[in-house]
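Have a look at the structure below before the remarks.
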Amino acid sequence: MIVSVISALLDATPPYRMVEGLLVDKEVLADGTYTLLIDTEIVEVDGLTFDTLMAGEALRIRCTRTMKAINIDRLVP
C-alpha cells in the first residue's frame, strides 16, 4: 500500500516527458487501458480523450514518467 502511494507520487512529479508527432494508431488493451501510438511512443489516456482524437492528428503530449498523458495539444500545420 505505502509503496504504491509513493510510486504514484513520484510518477506525478516533474520532470515530465514530452512526446510530439502524428497519432498513428489507437488501441484498447485487454485490461481496459486506452493507449495512443504517437510515432514510436505509446501513451496512456482516458476514454474520453481516446474517443475524441483521430488518427493522423499532429499532437504534443506532456506525460508522466510512466507515459500517462497530462496535457495534450493539437498542433496546427
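Any residue at all in segment 15-35 that is more than 12 Å from the chain's Cα centre (by Cα) and among the polar types (S, T, N, Q)?
Looking through segment 15-35, none of the residues is more than 12 Å from the chain's Cα centre (by Cα) and among the polar types (S, T, N, Q).
Among the residues of segment 1-32, how many are at pLDDT 95 or above, over 16 Å from Ile70 (Cβ atoms) and among the β-branched types (Val, Ile, Thr)?
Here the count works out to 2.
Residue pairs, Cβ under 7 Å, 6 or more apart or interchain, first in segment 25-54 and within 16 Å of Arg74 (Cβ to Cβ) and in contact (Cβ under 8 Å) with a residue 12 or more places away in the chain, second among the aromatic types (Phe, Trp, Tyr) and buried (at least 16 other Cβ atoms within 10 Å of the Cβ). List them.
Lys26/Phe50; Val45/Tyr34; Phe50/Tyr34
The values are calculated or read from the model by the stated rules, or taken from the named source; none is laboratory data. Remember, predicted model here, so these are calculated numbers, not experimental data. No Cβ is skipped: glycine too gets one built from the backbone with ideal geometry, and neighbour counts run over all protein chains shown.
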